[in-house]
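Undergrad: Attaching a single structure in structure tokens format; questions to follow.
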Amino acid sequence: MHQTTAVVERIFAIFSDWCKDRTWACRKGCASCCTQNVTLTTLEAQQIVTFIRENNRKEWLAAILDSKLSPHRPNYTINTLARACLAGKELAEETPSTPVPCPFLLESCCTIYPVRPFACRSFLSLKSCNPLQPALVDGAHLAAATAINQLLEHLDQGKAWGNMLDILTLLLNERKEGENGNGTRHTLRSQPLPGFMLGPDEYDQVAPLLERIFLTSVGGRTIETILNGR
Ligand code: SF4
Ligand code: SF4
């Protein structure tokens, strides 16, 4: 397994363990949160492509990506927003229009569940929610999810970042044609971490989680060392 893939898997596992402290309302078959507005890095998208290839479902994925989709395309990556925020600037992000169900849903279950991106793993609610009732989360959870999204983007810096369906299109086309496909015109580029978008209280809440991630070893090096490019 490639080292960065192993790092992503360790981060997912540590975050999942950290989430066990609270009782979530999320359960199998509850899927109104599953929309086409998921964003991710190429590291996460590659895990999906590998999973689909191993299950001989490449044509199935290509058909999904060729179908009529309505993904929301963000204007900025999370680290771009963080850089602006830390510099005291505001960047305007458009509010997504009415969300459309994710094409990976089948009978209200995720068909790529073992390799779902971090955005899906971290979208949880303390109370049962639906399109009219927003998810309920505490500030610590939101802060932790944002910080981890920032780490994942940093780990994949320089590569494409954007809506899941665009990034998957990009990876599939690269694999097929040896060049960037249609997905590129909709994608952004992952940026290095400019600092965490965390207030002092949030930092205190999230620090034990970040410390656990940084001190975890993958292939004989700590994740902190890997994130620092050493
Ligand atoms: S976030 Fe809401 S809709 Fe999604 S699984 Fe949890 S309770 Fe269900
Ligand atoms: S990838 Fe899976 S978990 Fe994520 S939004 Fe789609 S169906 Fe839901």
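The values are calculated or read from the model by the stated rules, or taken from the named source; none is laboratory data. Note that the structure is a prediction, hence the values are computed from the model and not measured. Here the Cβ is made from the backbone with ideal geometry for all residues, glycine too, and neighbour counts use every protein chain on show. In case anyone asks, the SASA skips ligands and DNA or RNA and just uses the protein heavy atoms, side chains included. Shrake-Rupley method; radii C 1.70, N 1.55, O 1.52, S 1.80 Å.
Undergrad: Return the pairs, sorted by first residue and then second, in which the second residue is assigned to a loop (DSSP other than H, G, I, E, B), the first residue lies in the stretch 26-42 and is without any contact (Cβ under 8 Å) to a residue 60 or more places away in the chain, the beta carbons are less than 8 Å apart, and the residues are 6+ apart or on different chains.
TA: So the pair list comes out empty.
Undergrad: If you don't mind, another one. If a residue must be polar (S, T, N, Q) and in contact with a helix residue (DSSP H, G or I) (Cβ under 6 Å, 6 or more places away or on another chain), how many such residues does the stretch 99-138 contain?
TA: 1
Undergrad: Considering every residue within the stretch 35-50, establish whether at least one is acidic (Asp, Glu) and touching an Asp or Glu at 6+ places or on another chain (Cβ under 9 Å). Steps first, please.
TA: First, the residues of the stretch 35-50 that are acidic (Asp, Glu): 44.
Adding the requirement that they be touching an Asp or Glu at 6+ places or on another chain (Cβ under 9 Å) leaves 44.
For the stretch 35-50, residues acidic (Asp, Glu) and touching an Asp or Glu at 6+ places or on another chain (Cβ under 9 Å): present.
Undergrad: How many of the residues in the stretch 113-145 are among the β-branched types (Val, Ile, Thr) and outside any helix (DSSP H, G or I)? Even if it seems obvious, please write down each step before you answer.
TA: Going residue by residue through the stretch 113-145, those that are among the β-branched types (Val, Ile, Thr) are 115, 137.
With the extra rule that they be outside any helix (DSSP H, G or I), the set shrinks to 137.
Total satisfying the criteria: 1.
Undergrad: Considering only residues that are β-branched (Val, Ile, Thr) and not in a loop (DSSP other than H, G, I, E, B), look in the stretch 23-49 and name the one that is nearest to ligand 1 (Cβ to nearest atom). If you could, list the steps in order and put the result at the bottom.
TA: So the first thing to find is which residues in the stretch 23-49 are β-branched (Val, Ile, Thr), and the list is 23, 35, 38-39, 41-42, 48-49.
With not in a loop (DSSP other than H, G, I, E, B) added as a condition, the list becomes 35, 39, 41-42, 48-49.
Details: Thr35: 10, Thr39: 16, Thr41: 22, Thr42: 25, Ile48: 19, Val49: 24 Å.
Result: Thr35.
Undergrad: If Ala62 satisfies every condition in (1) open to solvent by less than 70 Å² (accessible area, probe 1.4 Å); (2) touching a strand residue (DSSP E or B) at 6+ places or on another chain (Cβ under 9 Å) but one, which is the exception?
TA: (2)
Undergrad: Do we find that Val8 is away from ligand 1 (no atom under 16 Å from the Cβ) and open to solvent by less than 60 Å² (accessible area, probe 1.4 Å) in this structure?
TA: On the way: away from ligand 1 (no atom under 16 Å from the Cβ): yes; open to solvent by less than 60 Å² (accessible area, probe 1.4 Å): yes.
Yes, satisfied.
Undergrad: Taking the residues in the stretch 103-145 that are closer than 21 Å to Leu193 by Cβ and crowded, with 19+ Cβ neighbours inside 10 Å as candidates, determine which candidate is nearest to ligand 2 (Cβ to nearest atom). Spell out how you get there, then give the answer.
TA: Taking the stretch 103-145 first, the residues closer than 21 Å to Leu193 by Cβ are 117-119, 121-122, 139-145.
From what's left, crowded, with 19+ Cβ neighbours inside 10 Å: 117-118, 122, 141, 143-145.
Details: Pro117: 6, Phe118: 10, Ser122: 11, His141: 17, Ala143: 21, Ala144: 18, Ala145: 14 Å.
Within the stretch 103-145, the match that is nearest to ligand 2 (Cβ to nearest atom) is Pro117.
Undergrad: Would it be correct to say that Arg189 is within 30 Å of Arg27 (Cβ to Cβ), more than 15 Å from ligand 1 (Cβ to nearest atom) and open to solvent by 60 Å² or more (accessible area, probe 1.4 Å)?
TA: No.
Undergrad: A further question follows. When you look at Cys33, is it surrounded by 13 or more Cβ atoms within 10 Å (Cβ to Cβ) and more than 12 Å from ligand 2 (Cβ to nearest atom), yes or no? Spell out how you get there, then give the answer.
TA: On the way: surrounded by 13 or more Cβ atoms within 10 Å (Cβ to Cβ): yes; more than 12 Å from ligand 2 (Cβ to nearest atom): no.
Criteria not met by Cys33.
Undergrad: So, one more: State which residue pairs qualify: first residue within 19 Å of Thr187 (Cβ to Cβ) and inside the stretch 74-89, second residue open to solvent by 50 Å² or more (accessible area, probe 1.4 Å) and at pLDDT below 95 in any location, beta carbons under 6 Å apart, and separation of 6 or more residues or different chains.
TA: From the stretch 74-89, the pairs are Asn75/Glu93; Tyr76/Leu91; Leu81/Leu91; Ala82/Met197.
Undergrad: Can you pull out the residues in the stretch 193-218 that are in a loop (DSSP other than H, G, I, E, B) and modelled with pLDDT of 95 or more? Steps first, answer last, please.
TA: Initial filter on the stretch 193-218 (in a loop (DSSP other than H, G, I, E, B)): 193-199, 216.
Result: Leu193, Pro194, Gly195, Phe196, Thr216.
Undergrad: Identify all residues within the stretch 11-30 that are touching a His at 6+ places or on another chain (Cβ under 8 Å) and either under 15 Å from Gln150 (Cα atoms) or open to solvent by 20 Å² or more (accessible area, probe 1.4 Å) (or both); write none if there are none. Working first, answer last.
TA: From the stretch 11-30, those touching a His at 6+ places or on another chain (Cβ under 8 Å) are 19, 22; that's our starting set.
Scanning the stretch 11-30 gives a single hit, Arg22.
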